[in-house]
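Here the structure comes first, spelled out in structure tokens, and everything after it is commentary.
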Amino acid sequence: MENLASDIRSLFPALSSTVYGRPLVYLDNAATSQRPAKVIELQALLSEKENANVHRAVHKLSQDATDRYEAGRRAVERFLNVDSETGCVVFTSGATAAFNLLANCFSARYLHKGDQILISQAEHHSNIVPWQLACERVGAELVVVPVEADGTLSVAEVEKRLNGRVKLVSIAQITNVLGVINPVREIIAAAHAKGIPVAVDGAQGIVHADSDVQALDCDFYIFSGHKIYAPTGTGILYGKRCFLDEMPPYMGGGDMVDTVSFEKTTYNALPLKYEAGTPNFTGQACFVPALELAESLRNNQEVKAQERALVRYLAEELPRIDGLHLWGLPANLETKIPLFSLTVEGTHPSDLAQILDKLGIAVRSGWMCAEPLVRRFSDRGMLRASLLPYNTLSEAEAFVAGLKRAVKMLK
Ligand SMILES: Cc1ncc(COP(=O)(O)O)c(C=O)c1O
């Protein structure tokens, strides 16, 4: 197991860094993943030698840049198993941008006064605030499904709230705070049985769960590239064409238009209708090497076994620390990814994180952009360690040992 993770680590230059003279133990992957050399090399090549704007000029450099950009889109389509007849991949600058696009355009077309949008208590701010803004604009209501004490989401609790006023369910596949895989398939089936479309926040799920949009039958799927080995400023809104065709554009500008006159402007076909202005063509092109690696990791049974072993180890060892509470620990550990959020009685999460940092261990602390969910369990924030296939068991052990030391220093 240790050899496998070491082989994977060797593909990521940042992982051999030192922090305060100690080897870096990077356990903040739910915030952003490190990038493999192949992605860094492609970014450099595109900046040094092949930089040109896309979808515009006839010159070779622009044609090549366009090909690279569209190859990035094909890579995403393959990874999500998109049927391009019925579905479409829109590039955005990230999951947050995708949610703002969706909330604006979906509400403009389908949301009216008195309607409802259904989300859960386990959502990231980017799947809360854009809906609050949209609901305020039209006089609709944001309805929230509570999470259970073990961090799971009950399908029955969702079902109870599916009524004729609900126009969309928007739900996280995996919460970024608890690392629990939500029963999105069942939720989608229940919503569809009542004719209600579902948007899935795949920001964490894209790395750890099933992202086959045809199998899920979700109507929208959203994620950020930087959490799955691609550069920052890259993201995806996948949507069924029946909705994307009907919704109005989001931003206006170059590329999203067909013809422009002062009397009447017509819009480009999908997906460009939603891609106004010069896009992050360098970043989106990097989906090719990033998803190639993600695909090989996703299909590797040894990687899966290693992930399960890390979950078991941390679920067993962390609660042995005196006063430690693990949040989001379902009885079935198969629904838990290697992401652990915790509090320790008598200590503050940010103090613990600062001591761990001095030991070279990078973790997240605070509200994790999901304040309602964190407050459900803790009024002081939490400390979170999140792991990817390049994290070794020794690193998990270093985290547990470092945490014990930090707790001892603070108590
Ligand atoms: C579950 C979830 N949704 C949405 C986001 C927003 O992603 P970004 O900040 O890349 O737009 C995040 C980022 O942490 C997340 O974890």
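The values are calculated or read from the model by the stated rules, or taken from the named source; none is laboratory data. Because the structure is a prediction, the values reported are computed rather than measured. For neighbour counting, all protein chains shown are included, and Cβ atoms are generated from backbone atoms with ideal geometry for every residue, glycine included.
Is at least one residue of the stretch 391-398 surrounded by fewer than 18 Cβ atoms within 10 Å (Cβ to Cβ) and of a type in the set (Ser, Thr, Tyr)?
Our first condition is that a residue be surrounded by fewer than 18 Cβ atoms within 10 Å (Cβ to Cβ); within the stretch 391-398, this holds for 393-394, 397.
Filter again for of a type in the set (Ser, Thr, Tyr), leaving 394.
Checked against the condition, which is being surrounded by fewer than 18 Cβ atoms within 10 Å (Cβ to Cβ) and of a type in the set (Ser, Thr, Tyr), the stretch 391-398 yields at least one hit.
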| Members of the stretch 347-377 found to be among the polar types (S, T, N, Q) and touching a residue at least 24 places away in the same chain (Cβ under 8 Å), listed by number | Thr347, Ser350
| query | Just one of Asp219, Asp255, Asp245 is acidic (Asp, Glu) and under 26 Å from Leu373 (Cβ atoms); which is it? | reply | Asp219
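Can you name every residue in the stretch 208-233 that is under 14 Å from Phe287 (Cβ atoms) and of a type outside the set (D, E, K, R)?
First, pick out the residues of the stretch 208-233 that are under 14 Å from Phe287 (Cβ atoms): 211, 223-233.
Within the stretch 208-233, Ser211, Phe223, Ser224, Gly225, His226, Ile228, Tyr229, Ala230, Pro231, Thr232, Gly233 meet the criteria.
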| task | Would you be able to tell me the number of residues in the stretch 386-411 that are among the small types (Gly, Ala, Ser) and in contact with a Lys or Arg (Cβ under 8 Å, 6 or more places away or on another chain)? | result | 1
| Any helices (runs of 4 or more DSSP H) falling wholly within the stretch 76-193 and containing at least 3 residues that are over 17 Å from Thr335 (Cβ atoms), touching a residue at least 40 places away in the same chain (Cβ under 8 Å) and within 16 Å of the ligand (Cβ to nearest atom) | 95-110
| note | Thr282 fails exactly one of (1) under 19 Å from Arg73 (Cα atoms); (2) not assigned by TED's automatic domain parsing to the domain that holds Ala75, namely (2)
| task | Considering only residues that are closer than 12 Å to Thr234 by Cβ and surrounded by 23 or more Cβ atoms within 10 Å (Cβ to Cβ), look in the stretch 72-88 and name the one that is nearest to the chain's Cα centre (by Cα). | result | Val76
| note | Quick count over the stretch 222-267, residues being in contact with a helix residue (DSSP H, G or I) (Cβ under 8 Å, 6 or more places away or on another chain), within 16 Å of the ligand (Cβ to nearest atom) and assigned to a helix (DSSP H, G or I), is 2
